[in-house]
Amino acid sequence: MPGPPKRVPRTRLGRFAGVVFAAGELALGGLAEGVRRLVAEKSGSGGEASSAFLSGGNARRLAARLARLRGGAMKLGQMLSLQGADLLPPEFAQALAILRSQAAAMPAAQLRRVLGREYGKGWQRRFEHFDETPIAAASIGQVHRARTADGRELALKIQYPGVARSIRSDVDNVAAVLRLSRILPRNADVPAIAAEAARQLAQEADYLAEADSLERYAKLVADEPGLLVPRPHRDLTTSRILAMDYMEGEPLETLASPGVRQTTRDAIGTLLERLMLRELFEFRTMQTDPNFANYLWQPGTGKVVLLDFGATMRFGDAFVADYARITRAVIDGDRDAVARHAITIGYAQVGDAPEVIEAAVGVIMLVCEPLRHRGRYDFAASDLPSRSRALGFDLGIRQGLLRVPPPQTMFLHRKLVGSFLLLAHIGARVDARSLAMPLLERYRSATSGGRTARTR
């Protein structure tokens, strides 16, 4: 459930002040950490060479400040928490991970003002019942259950005030704080990262566009009987309120309960992994936010409900082709081909030293371990996340051998990392290799001879 209600800063000045406070807290935290290290060095117990800003305490302070701001500031923190250790130190990635859980709701008075602005005076007459207690709250909005005057059971996603118009400034301000605090690596293209994040977040804040995505996605997965997508209700949908079917179900985390059979966990994990691969190689349309709150599980039917389509991204032909080639090379264990395709994507560049290219290949081969594994991969038993963080931190932060991934890959990475964590949490064992191979073959066949892949 959402945390205690907290007013959302709605003006740009108010939101900027929140980021200024975050910068001040980071500066004070860095100063205190620097003093601590100086004392430790004089006593002979020092030895840490990283920036004094990169402490666990500073990471937790930043996460708490972004959670209070919500909107683009919180969303950027969520996304950064799912990037590799070549972008953020482990302490910050772990601290920012709290932003992926429920956010605080806005107070009832602020909620009513939003409803009045979007629906007009007397908005209450549209509903037989409206529950002012939200059933979920996230970075951009919160969800309420309602029954319309004509008897429809709906879920209303209601956007926090001021979020849409402050996205770019939020992202730019937070990125500036991270850059000035030396939290992001020096070779990170911060302006490009901020621009890509702002572009995608602006789309997430447009609920009319999300209603379109709901309808489009329902058609894409129509041949997957294990998946359900709610219908949007256009008469009650605005750019800041999304009205859709209320869907029954249990939180996806319920699958981790001791009483759930392993075969059930494996089946749901396989369903979600196949969906992710189809999104990339077949649909070329991906819901890029695999937050637990964006799924429901129906124990009675065995189906999964897909809830949130704000973070829906379409991939171009060249983007998909590059990832199809590198995925096939990874599965084949062809490190030379992986290196070539890594340069094409931007994980390395022509002219890089051999050790830089080899570092990129090593990280790619490691993080793609589930695809290289023959048979069912036990996501819950895997220590891949910790091994990936350790390797990325060593090669990227300590040795400076890794390039920060290109901004256009940010949202795909969020889906890949988040999906791994999701499958690990529910305890699924999935044969990812066997799922990927036929999709890659169908993609190759569909694109050979100058034809383009089928877009459904």
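The values are calculated or read from the model by the stated rules, or taken from the named source; none is laboratory data. None of the values given here were measured: they were computed from a predicted structure. So basically every Cβ, Gly included, is an ideal-geometry build from the backbone, and we count neighbours across all protein chains shown.
A few points about this structure:
- Set 403, 414: member being assigned by TED's automatic domain parsing to the domain that holds residue 291, within 20 Å of the chain's Cα centre (by Cα) and among the basic types (Lys, Arg): 414
- Positions within the stretch 210-231 being in a helix (DSSP H, G or I) and touching a residue at least 40 places away in the same chain (Cβ under 8 Å), in sequence order: 210, 213, 214, 216, 217, 219, 220
- Scope the stretch 372-398; condition within 20 Å of residue 333 (Cα to Cα), in contact (Cβ under 8 Å) with a residue 60 or more places away in the chain and among the basic types (Lys, Arg); matching residues: 372, 376
- Residues (within 17 Å of residue 153 (Cβ to Cβ), among the charged types (D, E, K, R) and surrounded by 14 or more Cβ atoms within 10 Å (Cβ to Cβ)) located in the stretch 232-258: 245
- Counting only strands (runs of 3 or more DSSP E) that fall entirely inside the stretch 257-337 and contain at least 3 residues that are closer than 21 Å to residue 222 by Cβ and out of contact with any Asp or Glu (no Cβ under 8 Å at 6 or more places or on another chain), the qualifying elements are 303-306.
- Taking the conditions (1) assigned to a helix (DSSP H, G or I); (2) over 20 Å from the mean Cα position of the chain (by Cα) in turn, residue 350 satisfies each one other than (1).
Every residue, every condition in (1) closer than 30 Å to residue 256 by Cβ; (2) in contact with a Pro (Cβ under 8 Å, 6 or more places away or on another chain); (3) crowded, with 21+ Cβ neighbours inside 10 Å, yes or no:
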| site | (1), (2), (3) |
| --- | --- |
| 327 | yes, no, yes |
| 337 | no, no, no |
| 351 | no, no, no |
| 383 | yes, no, no |
| 394 | no, no, no |
| 397 | no, yes, no |
